[in-house]
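Each value in this text was obtained by applying a stated rule to the coordinates, not by laboratory testing. Predicted, not measured: the structure shown is a model, and the values here were computed from it. Backbone-built Cβ (ideal geometry, glycine too); neighbour counts: all protein chains shown.
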């Protein structure tokens, strides 16, 4: 009788230990799986961000934002002799050499970028190019835009101007609600700052511009031209467009908004890493 | 006599309990090195951070462009001495933060480097990190 009690007791004890061991083992396996999942998520995010930054480098674009100002530094046009071919070769690099080194199966869809590239902002702004060679850039604005400033140093000397004009309706940044303030600092290769004629025959480099009407001006240079449009561009009020032809220049374009809503900026390129697909590549979050 | 037997059985059972508990605990610790897994993750993140910083500051691109590794070396000097970090870029000499031997896991982060001039240059840079 006593022997039977001992047998039962130790059997129960053994089962107890067995269940504790199984519990430990499962906890450990689950922990290891969690670590591997964290690694996988880390890796996906890392690859996605890496490619988003590369695309910005490809377009020679640097984007930054403070509380209310979005700053875009760019070069017009592309330094690449064959920008379209360069984009295809970048895609091949990512899907081949880079994918092999990261031990991932990567597919990068650049169909939009190779035809009509743009950087979209979730606050409604849209920074677009005419092509990967980007001789034209446009920043399509929204109702929150109060101020645009552009700085450029053209690599050619100015050779006069056309008779296009700007209807400056004010001389300071305090514009009416239906206008926005536009400020230019465009210099030619001899460091002469270029002015824009207004309807009254005087010239200035800044002023208030009506939000919806399209105002454009073409600066002529010895080697080519720079066309500037502000106001309604492609039907979007409070926008700006710049087109270079035969000349090149670094550009700094600042857009000031009175909105402080957080936003993200992303490329319209779809990335698939293994089985994970993301239709946009986020380049910055503010 | 019966009482002694009971004490012996009790002691025996307690001993068995102790040994079994010790066995399970040690087995768990040996098979699942929790701290190693976490530190391996930490190494991965260190390698990623170094790679991202070098890329976003343009240091990797500058090294590819000029074959000079001074910028990378200068940055690696701020990495804590308990880590060994090595940066490799094809066509550029490898750079380490110090002469050291790795003990244990090595984490590797890769980063693409893109250079735009009249033609496009692409490289894959890798950053290896380990504990000294």
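Viscosity 1.002 mPa s, temperature 20 °C: what is the translational diffusion coefficient of the range A:13-144 from Stokes-Einstein with a Kirkwood Rh over Cα pairs, rounded to a whole number of µm²/s? It would help to have the intermediate numbers written out before the result.
Details: Rh = 18.4 Å.
Here the translational diffusion coefficient equals 117 µm²/s.
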Note: B:41-50 gets an average of partner chain Cβ contacts (10 Å, Cβ to Cβ) equal to 2
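Tell me what the protein assembly as shown gives for mean residue ellipticity at 222 nm when only DSSP H runs of n ≥ 4 count, each as -39,500 (n - 2.57), the sum divided by the residue total, rounded to 500 deg cm²/dmol. Don't skip to the answer; put the middle values down first.
Details: 7 runs with 140 residues, N = 418.
That calculation yields -11500 deg cm²/dmol at 222 nm.
Fewest to most neighbouring Cβ within 10 Å: what's the order for A:106, A:145? If you can, show how the numbers build up before the last one.
Numbers: A:106 18, A:145 24.
Least to most surrounded, the residues fall as A:106, A:145.
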With Cα springs under 10 Å, the Gaussian network model of chain A assigns the largest mean-square fluctuation among A:36, A:179, A:60 to A:36
Between residue B:119 and residue A:27, the two model label points (7 Å from Cα along the beta-carbon direction) sit apart by a distance in nm of 6.0 nm
Under a Gaussian network model of chain A whose springs join Cα atoms within less than 10 Å, the largest fluctuation of A:23, A:221, A:148 belongs to A:23
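When only Cα pairs under 8 Å and 6 or more residues apart are kept, what is the percent relative contact order across chain B? Walk me through the numbers on the way to the answer.
Details: 169 pairs, mean separation 33.0, N = 132.
In percent, rounded to a whole number, it is 25.
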In units of 2.2 N^0.38 Å, the Cα radius of gyration of the range A:194-286 is 1.50
Rg from C-alpha atoms of the protein assembly as shown, normalised by the globular rule of thumb 2.2 N^0.38 Å, equals 1.45
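Tell me whether the range A:8-71 comes out rounded, prolate or oblate; compute the Cα gyration tensor, take square roots of the eigenvalues as a ≥ b ≥ c, and use a/c under 1.5 as the rounded threshold.
Values: a/c = 14.87, a/b = 4.21, b/c = 3.53.
The shape class here is prolate.
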Put in order of increasing Cβ neighbours within 10 Å, starting from the fewest, B:79, B:113, A:228 give B:79, A:228, B:113
Here the whole-number average of other chain Cβ atoms within 10 Å per Cβ of B:117-125 is 6
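What is the ratio of the Cα radius of gyration of the range B:3-132 to 2.2 N^0.38 Å, with N the residue count, to two decimals? All intermediate terms of the calculation are to be shown ahead of the outcome.
Numbers: Rg = 24.9 Å, N = 130, 2.2 N^0.38 = 14.0 Å.
Normalised Cα radius of gyration, the range B:3-132: 1.78.
Can you give the FRET efficiency for residue B:17 and residue B:57, using 1/(1 + (r/R0)^6), R0 = 60 Å, r = Cβ-Cβ distance, to the nearest 0.05?
On the way: r = 59 Å, r/R0 = 0.99.
Efficiency, rounded to the nearest 0.05: 0.50.
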If A:139, B:11, A:195, B:76 are placed from fewest to most neighbouring beta carbons inside 10 Å, the sequence is B:11, A:195, B:76, A:139
